1. With the checklist (1) out of contact with any Lys or Arg (no Cβ under 6 Å at 6 or more places or on another chain); (2) modelled with pLDDT of 95 or more; (3) not charged (D, E, K, R) in hand, flag the one item His3 doesn't pass.
2. Name the pairs: first residue in the range 47-61 and in a strand (DSSP E or B) and modelled with pLDDT of 95 or more, second residue open to solvent by less than 50 Å² (accessible area, probe 1.4 Å) and small (Gly, Ala, Ser), Cβ to Cβ under 8 Å, at least 6 apart or on different chains?
3. For the range 3-25: of the residues being in contact (Cβ under 8 Å) with a residue 40 or more places away in the chain and polar (S, T, N, Q), which is surrounded by the fewest Cβ atoms within 10 Å (Cβ to Cβ)?
4. Out of all the residues in the range 26-35, which are open to solvent by less than 40 Å² (accessible area, probe 1.4 Å) and in a helix (DSSP H, G or I)?
5. Pick from the range 47-61 the residues that are within 9 Å of the chain's Cα centre (by Cα) and over 15 Å from Glu14 (Cα atoms): which of them is surrounded by the fewest Cβ atoms within 10 Å (Cβ to Cβ)?
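The values are calculated or read from the model by the stated rules, or taken from the named source; none is laboratory data. All values derive from a computational prediction rather than experimental measurement. No Cβ is skipped: glycine too gets one built from the backbone with ideal geometry, and neighbour counts run over all protein chains shown. Heads up: the accessible areas ignore ligands, DNA and RNA and are worked out on the full protein's heavy atoms, side chains in. Shrake-Rupley method; radii C 1.70, N 1.55, O 1.52, S 1.80 Å.
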Amino acid sequence: MKHELLLKDIQTPESLVEGYPELFTTPQVNWLLKTRHKNGLADTGAVLKISRKLYIHTPMFMAWFMKQKA
């Protein structure tokens, strides 16, 4: 599935938690980002690193999240 990069779809980890408080906590998102190279998140292109700050492409992140199995 190809996702078009739109500025409105990019957010900080903090704003992801604010937008989806029923799904994510700040420590959880931080852990997912810290371990992104091990958990496959880095391979999706959902994480942008600009000047040592991380941003999330929400549609790509959610597509990855929905594919996770317990």
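1. (2)
2. Sorted first by the residue in the range 47-61, then by its partner, the pairs are Ile56/Ala46; His57/Gly45; His57/Ala46.
3. Thr12
4. Val29, Leu32, Leu33
5. Ranking the candidates gives Pro59 first.
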